[in-house]
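Okay, structure first, notes after.
The values are calculated or read from the model by the stated rules, or taken from the named source; none is laboratory data. As the structure is a prediction and not an experimental result, all values here were calculated from the model. Positions of Cβ are backbone-derived with ideal geometry, glycine not excepted, and every protein chain shown enters the neighbour counts.
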Amino acid sequence: MSHKKRSIIVVRESEIQGKGVFAKTRIRKGRCIIEYTGERITPDEETRRYDDEAMERHHTFLFHVDEETTIDGAVGGSDARFINHSCDPNCEAVDDEGRIYIYAMKTIHGGDELLYDYNFELDEDDDEEITKRYVCHCGSPNCRGTILNTEATE
Ligand SMILES: [Zn+2]
């Protein structure tokens, strides 16, 4: 018998994209599931590492905390980096003084994929070609067609 703490989530192939995170058991609404961890980097470092022009698709392992901080989940990040985007999510990312936690927005059943709304915001100078890389394939009936935040106001 192992005394290792039993995880409530598992990473496996997703129908939406690449890998996804799935509930191994019922997760009650409001529960904190996992912290989104990884290396904390500046926007300049983010640009140095991930040149938008060179990316075929959006980067899924980045979490924008604020104007000064991005978490790069590709560097020592938790399984939270594998959580896919959905326009009809069952999870939400909550900023607690700069640390990001994924909470269940509704009760999630065993086997369900964990999803949150990325609501990505692009730089003002990003053009249509770049915008196209953020197309959404979540498959939900109310899919807005992009993982970008379309409600952002300048
Ligand atoms: Zn969608």
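Please indicate, with yes or no, whether at least one residue in region 93-109 is farther than 20 Å from ARG81 by Cβ and in contact with a strand residue (DSSP E or B) (Cβ under 6 Å, 6 or more places away or on another chain). Scanning region 93-109, I find no residue that is farther than 20 Å from ARG81 by Cβ and in contact with a strand residue (DSSP E or B) (Cβ under 6 Å, 6 or more places away or on another chain), so the answer is no. Residues in region 85-104 that are acidic (Asp, Glu) and not in a loop (DSSP other than H, G, I, E, B) were compared, and the one that is farthest from the ligand (Cβ to nearest atom) is ASP96. May I ask you to list the residues in region 21-40 that are β-branched (Val, Ile, Thr) and either assigned to a strand (DSSP E or B) or at pLDDT below 95 (or both)? Residues satisfying the conditions are VAL21, ILE27, ILE33, ILE34. What about ILE71, is it out of contact with any Gly (no Cβ under 6 Å at 6 or more places or on another chain), under 20 Å from GLY18 (Cβ atoms), outside any loop (DSSP other than H, G, I, E, B) and among the β-branched types (Val, Ile, Thr)? Answer is no for this residue. Scan region 13-20 and give yes if some residue there is at pLDDT below 95, part of a strand (DSSP E or B) and under 27 Å from MET105 (Cα atoms), otherwise no. Yes; the residues of region 13-20 include at least one that is at pLDDT below 95, part of a strand (DSSP E or B) and under 27 Å from MET105 (Cα atoms). Each residue in region 105-145 was checked for being assigned to a loop (DSSP other than H, G, I, E, B) and either modelled with pLDDT of 80 or more or of a type in the set (A, V, I, L, M) (or both), and 24 pass.
For GLU46, are the conditions met, namely being modelled with pLDDT under 95, surrounded by fewer than 15 Cβ atoms within 10 Å (Cβ to Cβ) and either in a loop (DSSP other than H, G, I, E, B) or more than 16 Å from the ligand (Cβ to nearest atom) (or both)? Criteria not met by GLU46.
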